[in-house]
């Protein structure tokens, strides 16, 4: 195993089987947005157990995620999913909701809890509360800067998991407005949210996955890996739950190579990395809120090394 963890999210058994995961250390199984998502692992305990088995056979850490905005009527299904995950030997469960965290802590204490991005973690005090319920890893709120995340880490001494690349989760709704377009587009649920759908106005864009809203641009931190490692971060996610297997494979290959190089003290970047990242970025690239700027901005530190990446990003901003 490497000195860091590179992970991603896969929603169903079909995507898992079609994906080349060689450059990932760990996988979260399940779609956190919608119970109707095609063959969602979180609705199919049998598929979930098979998915966990596949990951173990590949030597991956096998995690399970949970719904970002569960309702009361979800809880029996969530309980069954947690039971299946525990029985099948999942390495951890990602949780966004306090009620689900309590259920997991009280009934399945053998499952380490990772706190997800929709838990709205802003402070070290919040970390301490969640820690009492078995939380061992935390995704800080996506609006926090690296400086703010460093303050939390210094105070609590517990690991943060950071979004390294991909669409940044922004929000979730109980209603899927895409259902209004089933007749007009001639596409039914659950196929609607499998399409590449962006909400655009001028230069502004967001991606919709039905009940979930993501950033239109891809968060890209390939130029800042040395800083992340120097600040002690070791758990990184490439967000690919709504992406193709090619995206999942090719983006991971870039970051695996870049992280390995940065880990050895070499900051050099390859030109083909830029081409790959840009080719998969439908709307452009950004750094999210990591540098205390607009989530649409891109801040590079090596203009000569990443040339076209920075040029295109500035045009798109």
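Every number in this text was worked out from the coordinates using simple rules, so none of it is lab data. Since the structure is predicted, the reported quantities are computational estimates derived from the model, not experimental observations. Ideal geometry is used to build each Cβ from the backbone, glycine not excepted, and the neighbour counts take in all protein chains shown.
Between residue 185 and residue 282, the distance separating the two model label sites (each 7 Å from Cα on the Cα→Cβ line) works out to 0.9 nm.
Run through the DSSP bridge list for the stretch 134-258 and note the antiparallel percent, rounded to the nearest 5. The partial results should precede the final answer.
Working: 13 of 19 bridges.
Roughly 70 percent of the beta bridges in the stretch 134-258 run antiparallel, per DSSP.
Between 71, 256, 293, the residue with the greatest mean-square fluctuation in the GNM of the chain (Cα pairs under 10 Å linked by springs) is 71. The Cα center of the stretch 220-234 and the Cα center of the stretch 29-43 differ in position by 31 Å. In plain terms, the chain from residue 267 to residue 35 could stretch by 79.3 nm, reckoned as 0.36 nm per residue minus the Cα-Cα distance.
Note on the stretch 1-107: the C-alpha convex hull projects to 6.6 nm² when averaged across all orientations. Would you calculate the convex hull of the Cα atoms in the stretch 228-294 and tell me its volume per residue in Å³? In the stretch 228-294, the Cα convex hull volume per residue is 116 Å³.
For the ranges 158-168, 227-237, what's the packing order if you count other beta-carbon atoms within 10 Å of each residue, average per peptide, and put the highest first?
On the way: 158-168: 22.4, 227-237: 16.8.
Order by mean packing, descending: 158-168, 227-237.
Using the average count of surrounding beta-carbon atoms within 10 Å as a protection proxy, the listed peptides 199-207, 187-195 rank, highest first, as 187-195, 199-207. For the chain, averaging the sequence separation of C-alpha pairs within contact (under 8 Å, six or more residues apart) and dividing by the residue count gives a relative contact order of 17 percent. Projecting label points 7 angstrom from Cα along Cα→Cβ for residue 57 and residue 73 puts them 3.7 nm apart. The fraction of Cα-Cα pairs per 5 angstrom bin, counted from 0 for the stretch 149-298, comes to 2, 8, 16, 19, 18, 15, 10, 6, 3, 2, 0, 0 percent, rounded to whole percents. Only DSSP H runs of four or more residues enter the estimate; each adds -39500 (n - 2.57), and after division by the residues of the chain the mean residue ellipticity at 222 nm equals -10500 deg cm²/dmol. Computed from the Cβ-Cβ distance with R0 of 22 Å, the FRET efficiency linking residue 120 to residue 299 stands at 0.35. Hydrodynamic estimate: the Kirkwood radius of the chain over Cα pairs, inserted into Stokes-Einstein at 37 °C and 0.692 mPa s, corresponds to D of 165 µm²/s.
Restricting attention to the stretch 1-105, close to 10% of DSSP beta bridges with both partner residues there are antiparallel.
Of all DSSP-defined beta bridges confined to the stretch 5-316, some 35% are antiparallel rather than parallel.
Hey, can you rank 175-183, 209-217 by average C-beta count inside 10 Å, highest first?
Details: 175-183: 12.9, 209-217: 23.7.
Averaged packing, sorted descending, gives the order 209-217, 175-183.
With the gyration tensor restricted to C-alpha atoms of the stretch 77-157, the semi-axes of the equivalent ellipsoid amount to 25, 11, 10 Å, longest first. Shown is the FRET efficiency for residue 98 and residue 250, computed with R0 = 41 Å from the Cβ-Cβ distance and rounded to the nearest 0.05: 0.65.
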